[in-house]
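Please read the structure below before turning to the comments.
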Amino acid sequence: MATSDEVRSLPYNRDMSHLDILIPFALPPAELAADLLREVDAPALATLLSRSKSEPAANRHERFDDFARALPHETWMVRRFGLLAQLERSGSPPVGAQLLRSTGAAGIADIASTAVDSGFWFVIQPVYIHIARDHLVLTDPRQLMLTETESRHLFEIAKPLFEESGRDLRFCNESTWLLRSDDWAELATSSPDAAGGHNIDIWMPRGPGEREWRKVQNEVQMHWFQQAFNDEREERGLKPVNSLWLWGGSNAAMPAGTSPYGAVFNLNGWMAAVAASSPRHLKANSVAELAAAESGPALLALDDLVGPALSNDWAEWIAAFNRLEKDWFAPLHERLKSGKMDALTPILTNDSRLFRCTASRSSLRKFWVKPNLASLST
């Protein structure tokens with residue numbers, strides 16, 4: 001057991017801490033905001049937002065280019081972990097090399113024997129691109145629900161086509177493959193979430209290597225088209241897989257970034273890779289589990305709203321928002337009000353805007369401020 005002197009020397013007090021909460025797509029589209037927020041029942045979040053600390057509006061609101069290759073929450077994550085310079089070069093979150101390191105450390109068979117300190121690595125995802133009236137549209141890859149067996153089948157067809165041009169394709173998991181292509185290091189790419197639902201022409205890879213990419217992409221598409229694979233999927237009511245999406249290029253020789261947190265919670269996929277420098281990566285299914293593990297500055301990611309927002313399923317978005325209130329915002333508000341936390345900072349985004357504020361126990365005493373969700377539609 002620690003002595004009183006040892007306890008006083010600890011860098012953080014478990015019962016008093018600062019929590020950042022990243023909630024992508026918690027900001028509704030401007031044209032739907034009034035109707036959607038009318039159906040949201042989130043009094044605890046309303047209190048946290050409206051009774052937050054006073055600070056300049058410029059520190060609370062951030063607007064992004066409508067045609068940015070990375071979404072606001074993606075940019076925030078990359079910036080928070082010291083990788084912004086790489087993002088500015090690559091366009092999309094620079095996560096290929098980070099995913100290579102993390103999956104290699106996890107012993108993934110295709111990755112474990114790969115050198116993780118050299119080369120320029122991209123993320124490749126199998127996707128469905130559908131034909132609109134006069135353009136092509138990328139569908140959210142989450143909707144494919146690929147199994148590992150299905151993804152492996154597609155991977156084995158694609159791998160030799162990349163090898164013909166001297167490029168190394170590795171299987172990471174059913175939704176993610178990794179590609180080494182050092183001569184494409186200057187290629188600007190877009191994250192699939194940034195491009196999803198739009199005319200893909202604007203978000204296609206641009207720069208040295210784009211023609212070579214299109215060539216191998218077309219070859220893979222033709223080989224997949226000749227398979228009975230997609231007919232079988234469509235018979236089961238699933239979307240076909242007819243293309244690849246390239247993004248996330250990063251240099252394995254570059255630093256992995258730095259973490260401002262003692263622990264991060266509920267980060268998956270590329271987000272976990274970006275936060276690889278954090279000392280602890282933990283899973284919390286409730287505020288009670290979060291409180292038991294938290295020690296000092298921490299980040300909690302709540303991505304429940306991403307899927308419904310990207311698929312324009314606003315009824316599910318409302319339902320998911322109300323679940324977040326019950327499961328997270330209300331108990332976190334109680335912890336803050338009771339002094340078990342120093343402060344918490346919600347970071348809420350949509351596809352072009354980010355809003356952040358910080359609430360503390362003292363700021364919650366603004367009893368004259370009526371709780372409201374107005375900041376979600378500003």
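Residues whose amide H lies under 5 Å from that of ALA26, counting only those 5 or more places away or on a different chain, are THR349; hydrogens are built 1.01 Å from N in the peptide plane. Per-residue 3J(HN,Hα) values for the stretch 273-278, derived from phi via the Karplus relation 6.51 cos²θ - 1.76 cosθ + 1.60 with θ = phi - 60°, read 5, 4, 8, 4, 6, 5 Hz in sequence order (x marks Gly and Pro).
For the stretch 167-249, the calculated P(r), taken from all Cα-Cα distances in 5 Å bins from zero up to the bin holding the longest distance, is 3, 12, 19, 24, 22, 12, 5, 2, 0 percent. At an R0 of 56 angstrom, the distance between the Cβ atoms of ILE131 and GLU88 translates into a FRET efficiency of 0.95.
Computed from backbone phi, the HN-Hα couplings of the stretch 167-183 come to 10, 9, 9, 10, 8, 9, 7, 4, 10, 9, 10, 10, 10, 8, 8, 4, 7 Hz, rounded to whole numbers (Karplus: 6.51 cos²θ - 1.76 cosθ + 1.60, θ = phi - 60°; Gly and Pro given as x). For the charge dipole of the stretch 84-251, defined by +1 on Lys and Arg C-beta atoms and -1 on Asp and Glu C-beta atoms about the Cα centroid, which residue among SER250, GLN227, GLY237 has the Cα displaced farthest towards the positive pole? Most positive-ward Cα: SER250. In order along the stretch 347-364, the phi-based Karplus estimate (6.51 cos²θ - 1.76 cosθ + 1.60, θ = phi - 60°) of 3J(HN,Hα) comes to 10, 10, 9, 9, 7, 8, 9, 10, 10, 9, 7, 10, 10, 10, 4, 6, 5, 5 Hz; Gly and Pro are listed as x. Normalised by the number of residues in the chain, the mean separation of alpha-carbon contacts (under 8 Å, six or more apart) gives a relative contact order of 35 percent. Considering every alpha-carbon pair of the stretch 230-315, the percent of pairs per 10 Å bin, from zero through the bin containing the longest distance, is 14, 29, 29, 21, 8, 0. Judged by the mean number of other Cβ atoms found within 10 Å, the most tightly packed of the peptides 240-252, 350-362, 32-44 leads the ranking 240-252, 350-362, 32-44. Quick note on the stretch 275-330: its Rg to Rh ratio, both from C-alpha atoms and Rh being the Kirkwood radius, is 1.05. Ranked by the mean number of other Cβ atoms within 10 Å of their residues, highest first, the peptides 175-182, 147-154, 313-320 fall in the order 175-182, 313-320, 147-154. Each 10 Å bin, from zero up to the one with the longest distance, holds this percent of the alpha carbon pairs of the stretch 260-378: 11, 39, 38, 11, 0. Direction-averaged projected area, Cα convex hull, the stretch 27-84: 5.7 nm², rounded to one decimal.
Taking the DSSP beta bridges with both ends in the chain, the antiparallel portion is around 65 percent. Its residue count N fixes a reference of 2.2 N^0.38 Å for the chain, and the Cα radius of gyration divided by that reference is 1.05. For the residue pairs LYS53/LYS340; LYS283/LYS366; LYS326/LYS370, the alpha carbons lie more than 25 Å apart in LYS283/LYS366.
Remark: VAL123, VAL78 ranked as VAL78, VAL123, counting other beta-carbon atoms within 10 Å and listing the fewest first. Seen from a random direction on average, the alpha-carbon convex hull of the stretch 84-251 projects onto 9.7 square nanometres. Would you compute, from DSSP H runs of 4+ residues alone, the mean residue ellipticity of the chain at 222 nm, taking -39500 (n - 2.57) per run and dividing by the full residue count, rounded to the nearest 500? About -9500 deg cm²/dmol.
Every number here is computed from the coordinates shown, using simple stated rules; none is lab data. Model, not experiment: these values are computed from the prediction. Backbone-built Cβ (ideal geometry, glycine too); neighbour counts: all protein chains shown.
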